[in-house]
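Peer 1: The structure under discussion is supplied below as structure tokens; questions concerning it will follow.
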Amino acid sequence: MTDTHATVEAIAALREDPALFVETVLQATPQKWQRKALDAIAQNDRVAIKSGHGVGKTAFESWVVLWWLMTHYPCKVAVTANSAHQLSDVLWTEIDRWARNMPTAFKDLLEFKSDKISLKGATDSFAVARTSRRENPESLAGFHSPHMLFVVEEASGVPNVIFETASGALSTPGAKIIMCGNPTRSDGYFYDAFHNDRDKWHCITVSCEEGEYVDPKFIDEMAQKYGAESNVFKVRVLGEFPTQSADVL
């Protein structure tokens, strides 16, 4: 059996098991909540994750992007956030970091650019970074693929009109979307996923206490500074929506 055939068989085996992909290909050990979330995206088309700070959301999103790109063909991945900094400097950098962990046989299948990762020799399989702004809703328009994935970083800050524009691609059978973020606003599309539209979403809440790498001092300091009953503590530590949005900004 050639190395290419062995790689193809390995990819097929990992397609249904993103946690196994993370452990064997990316050489990472998921936290308990990350493992549950990886299982959730394998089994559900719509997953929404709200959390406190520093629990590992960006790593999780990066893993999912690489898993989808390496195990689904043809496929497209649209990765978005409400600011260029969050998208380029944080999430895209994290994707690149984990991609470097892959074995050479996997890594050599991909071509990396500043805002795009493509499967070599395939024009119909790639992941792209698109900043979501209210004045530019068409940034997520026109994406269609037999295997379509949307990853939305800091989803509370993404305007509703962006989700409305992307809804066309989500109508494709098997299309998936992941929304992650600190729950900073008590309204909007992200909020509705946990409330008015909860029956359509697999919802996960991750507090800082569940983040295995969150320093307990951070939790104590936030409680002392803002109060354990404050909206700031609810959003930044507990991963809960504020009772009102005004004092969170």
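The values are calculated or read from the model by the stated rules, or taken from the named source; none is laboratory data. Just so it is clear, the model here is predicted, and its values are computed rather than measured. Here the Cβ positions follow ideal geometry from the backbone for every residue, glycine too, while neighbour counts run over all protein chains shown. For the accessible areas, the whole protein counts, side chains as well, though only heavy atoms, and no ligand, DNA or RNA atoms are used. Shrake-Rupley method; radii C 1.70, N 1.55, O 1.52, S 1.80 Å.
Peer 1: How many nm is it between the label spots at S83 and T243, if each spot is 7 Å from the Cα in line with the beta carbon?
Peer 2: Calculated label separation equals 2.8 nm.
Peer 1: Leaving out ligands, DNA and RNA, and with a 1.4 Å probe, what % of the accessible surface on the chain is carbon or sulfur?
Peer 2: Answer for the chain is 48 percent, counting heavy atoms of protein chains only.
Peer 1: Around Y189, with a cut-off of 11 angstrom between Cβ atoms, what is the net charge of the other residues, counting Lys and Arg +1 and Asp and Glu -1? Please report the intermediate quantities before stating the final value.
Peer 2: Details: positive: R185; negative: E164, D187, D192, D197.
Taking every other residue near Y189 into account, the sum is -3.
Peer 1: Determine ³J(HN,Hα), in whole Hz, for all residues of segment 68-76 in sequence, where each value follows from phi through the Karplus function 6.51 cos²θ - 1.76 cosθ + 1.60 and θ = phi - 60°; x replaces Gly and Pro.
Peer 2: 5, 5, 8, 10, 10, 9, x, 8, 9
Peer 1: Continuing with this model, one more query. Keeping every protein chain present and rolling a 1.4 Å probe, give me the accessible area per residue for the chain in Å². Write down the numbers at each step before the final one.
Peer 2: Numbers: 11560 Å² over 249 residues.
Averaged over the residues of the chain, the accessible area is 46 Å².
Peer 1: If you average 1/r over all unlike Cα pairs in the chain and invert the result, what Kirkwood radius do you get in angstrom?
Peer 2: On the way: mean 1/r = 0.0539 Å⁻¹.
It is 18.6 Å.
Peer 1: Relative to the first principal axis of the alpha-carbon coordinates of the chain, what is the inclination of helix 160-170, with its axis defined by its Cα atoms, in degrees from 0 to 90 and to the nearest 10?
Peer 2: 30 degrees
Peer 1: Compute the long axis of helix 216-226 from its Cα atoms, compare it with the longest principal axis of the Cα atoms of the chain, and write down the angle in degrees, 0 to 90, nearest 10.
Peer 2: Helix 216-226 sits at roughly 40 degrees to that axis.
Peer 1: Helix 32-43 against the longest principal axis of the chain: what's the angle in degrees, Cα atoms only, rounded to the nearest 10?
Peer 2: Helix 32-43 and the main axis of the chain meet at about 60 degrees.
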